[in-house]
1. Given the peptides 24-32, 181-189, arrange them by the average over their residues of other C-beta atoms within 10 Å, most packed first.
2. Between residue 172 and residue 16, what FRET efficiency comes out of the Förster formula 1/(1 + (r/R0)^6) with R0 = 30 Å and r the beta carbon distance, rounded to 0.05?
3. For a Förster distance of 25 Å, can you work out the FRET efficiency between the beta-carbons of residue 152 and residue 60, rounded to the nearest 0.05?
4. Quickly rank 42-54, 142-154 as a protection proxy: mean count of other C-beta atoms within 10 Å, highest first.
5. Please sort 13-22, 132-141 by packing, taking for each peptide the average over its residues of neighbouring beta carbons within 10 angstrom, highest first.
Amino acid sequence: MNAAGFFFYVFSAIAVASAFMVVAAKNPVHSVLFLILTFVNAAGLFLLMGAEFLAMILVVVYVGAVAVLFLFVVMMLDVDFAELRQGFLNYLPVGGLVAVIFLIELVLVVGTWATGHGTVKPAPAAQPGDLIISNTEAIGRVLYTQYVYFFQAAGMVLLVAMIGAIVLTLRHKPGVKRQNIADQVARTKATAMEVKKVTSRQGV
């Protein structure tokens, strides 16, 4: 077994085990930490396949933003997880059906891959005169030329979704002082200062 095969089995085993612990862990904070471990090992698998762009996206976006955001939300929100688990048995039949469907799909995909090596033709080898570009550059050329309008539309959809989530979850609690820029700018000497006459040798 060469080094690539060894690291493939190591990354795969840790990714599958940590993915199982994401679901099996009782503490939600532990689940998020196992999710981060799953993303890191999946990034290692992408590096072994030569897809360095996808590996960096997993580490930077999912680990650095999404998983950490989940962790802070779980830690800051006072969620009663015992109450959420009360209706677990009600959804067990539906969850079992979805699990069986996924299992059938995995068996079909793995079986097709194991028995159909000859159906996929390998990519033609690059000629000496061909221009060799990296994976990231190839994705960038396609994304910002052929699919640039779809890329911009996806960005606008994500922006609207982010603003909507902030507006829906924003709550103003009574008694909490908040900064009002308009009131600060409109202040005058009469409203901002108060002169009190203090008797000699006495405090305010």
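1. On the way: 24-32: 13.9, 181-189: 7.8.
Answer by packing, highest mean first, reads 24-32, 181-189.
2. 0.10
3. On the way: r = 21 Å, r/R0 = 0.83.
Between residue 152 and residue 60 the formula returns 0.75.
4. Values: 42-54: 16.8, 142-154: 10.5.
Final packing ranking: 42-54, 142-154.
5. On the way: 13-22: 15.2, 132-141: 11.7.
In descending order of packing, they fall as 13-22, 132-141.
A short reminder: the numbers here are calculations on the coordinates, not readings from a lab. Everything numeric in this text was worked out from a predicted model, so none of it was measured. All Cβ positions, even for glycine, are placed from backbone atoms using ideal geometry, and neighbour counts span all protein chains on display.
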